[in-house]
Ligand SMILES: Nc1ncnc2c1ncn2[C@@H]1O[C@H](COP(=O)(O)OP(=O)(O)OP(=O)(O)O)[C@@H](O)[C@H]1O
Ligand SMILES: [Mg+2]
């Protein structure tokens, strides 16, 4: 269809305030184009119809404008109704807006040194005016790295909630285009938009921008993309912090890495943090401390997301209250149903005899679990587990 890009742009703009009649007419146009054999244009219209439908559903009542340091941070206030930037050709939205201010997002569990570092960042943004009075600015950018499922995205949203600003999540996959120059243009569009509003700009899965593509102009194009990112980061306005997240920092161009003034490595959770994740996942049910300790010890080396998934299964069984087996047998069953999610070590451990496992628990957790609780985990009496421990100690001597 001649001048389709203009028709498409009109439809996209109109659909930012959709109504039934308008949606119907755009659907008719899409069908007519498909009937004429112009499937690509029809597809593009269907895409903006889907985005518009999602936009309507995604506006829960609790979404509120930011109540953060807005009186000192420059820029317009981002609202749930603000029209978000889209790729000029495909009409695909380039960012999502999230308003975590009142969502009551819980803080991920980190070791104390990391908690303090994160708190410092929050404090800088909460006291922007005091910093500016002495000629300083808060940290403008922060890169979060770490293994998958360690809580990086949750931390980013929590930071925004604490700072009191809404988040623009750049949809890096939508920003990438096989058309030469379009990815760079999309990057600029996202930054220009973020610079207009008071917001945290979140570049999640940042490394995918650096992915090598099957493009004959690959080398030149990647250089252009990296340059666009660097230039835009350099000229980022002080309307909010820019957060980058990557599981693969080694794939990032070192110049990009260096642009982030703060770099936080998010670690795998410690035993203490895993126990806390078990307790939080169990809520509103209350988990026995010995069960939390056992699950956390078994899942050493797992990311928080894995701990959550395993515990959610355990919690379901508790909620249904159909359990007659011992805790350890339930864990064995869950492990059998989730073998892909668990490490070889955990699977081997759970295949051991109860007596060996009792010994392992005692060695790993020491006296944190008493003999009575240990017995309860295995559906055995205190005297039985005491005898097992004595026997295995005697064998070791
Ligand atoms: N340290 C932690 N404390 C509490 N919850 C955690 C922790 N680590 C992960 N989780 C939980 O695991 C889930 C996944 O976390 P999240 O998506 O933030 O991880 P991620 O590091 O962004 O993962 P990915 O690299 O796959 O994007 C969330 O429900 C989160 O609450
Ligand atoms: Mg993530």
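Side notes on the structure shown:
- Residues of the range 223-256 satisfying the condition of being touching a strand residue (DSSP E or B) at 6+ places or on another chain (Cβ under 8 Å), modelled with pLDDT of 90 or more and more than 16 Å from ligand 1 (Cβ to nearest atom): 233, 236, 240, 241, 242
- Residue in the range 185-197 that is in a loop (DSSP other than H, G, I, E, B) and either within 16 Å of ligand 1 (Cβ to nearest atom) or without any contact (Cβ under 8 Å) to a residue 60 or more places away in the chain (or both) present: no
- Residues that are within 16 Å of ligand 2 (Cβ to nearest atom) and part of a loop (DSSP other than H, G, I, E, B) do not occur anywhere in the range 276-296.
- Unmet requirement for residue 273, which otherwise passes all of (1) in a helix (DSSP H, G or I); (2) modelled with pLDDT under 95; (3) touching a helix residue (DSSP H, G or I) at 6+ places or on another chain (Cβ under 8 Å): (2)
- Residue that is nearest to ligand 1 (Cβ to nearest atom) [pool: residues in the range 147-180 that are closer than 16 Å to residue 208 by Cβ and part of a loop (DSSP other than H, G, I, E, B)]: 148
- The single condition among (1) out of contact with any helix residue (DSSP H, G or I) (no Cβ under 8 Å at 6 or more places or on another chain); (2) surrounded by fewer than 16 Cβ atoms within 10 Å (Cβ to Cβ) that residue 339 does not meet is (1).
- Flag if residue 169 is in contact with a strand residue (DSSP E or B) (Cβ under 9 Å, 6 or more places away or on another chain), at negative phi and more than 16 Å from ligand 2 (Cβ to nearest atom): no
- Scanning the range 223-239 for residues that are outside any helix (DSSP H, G or I), surrounded by 14 or more Cβ atoms within 10 Å (Cβ to Cβ) and out of contact with any helix residue (DSSP H, G or I) (no Cβ under 7 Å at 6 or more places or on another chain) returns a single hit, 238.
- Residue identified as surrounded by fewer than 21 Cβ atoms within 10 Å (Cβ to Cβ), closer than 28 Å to residue 159 by Cβ and in contact with a strand residue (DSSP E or B) (Cβ under 6 Å, 6 or more places away or on another chain) among 272, 265: 265
- Here is the figure for the range 201-222: residues that are away from ligand 1 (no atom under 16 Å from the Cβ), surrounded by fewer than 19 Cβ atoms within 10 Å (Cβ to Cβ) and at pLDDT 85 or above total 0.
- Residue count, the range 108-151 (criterion: in contact with a helix residue (DSSP H, G or I) (Cβ under 6 Å, 6 or more places away or on another chain), closer than 20 Å to residue 164 by Cβ and within 16 Å of ligand 2 (Cβ to nearest atom)): 2
The values are calculated or read from the model by the stated rules, or taken from the named source; none is laboratory data. In this text the structure is predicted, and so the values were computed from the model without any measurement. Backbone-built Cβ (ideal geometry, glycine too); neighbour counts: all protein chains shown.
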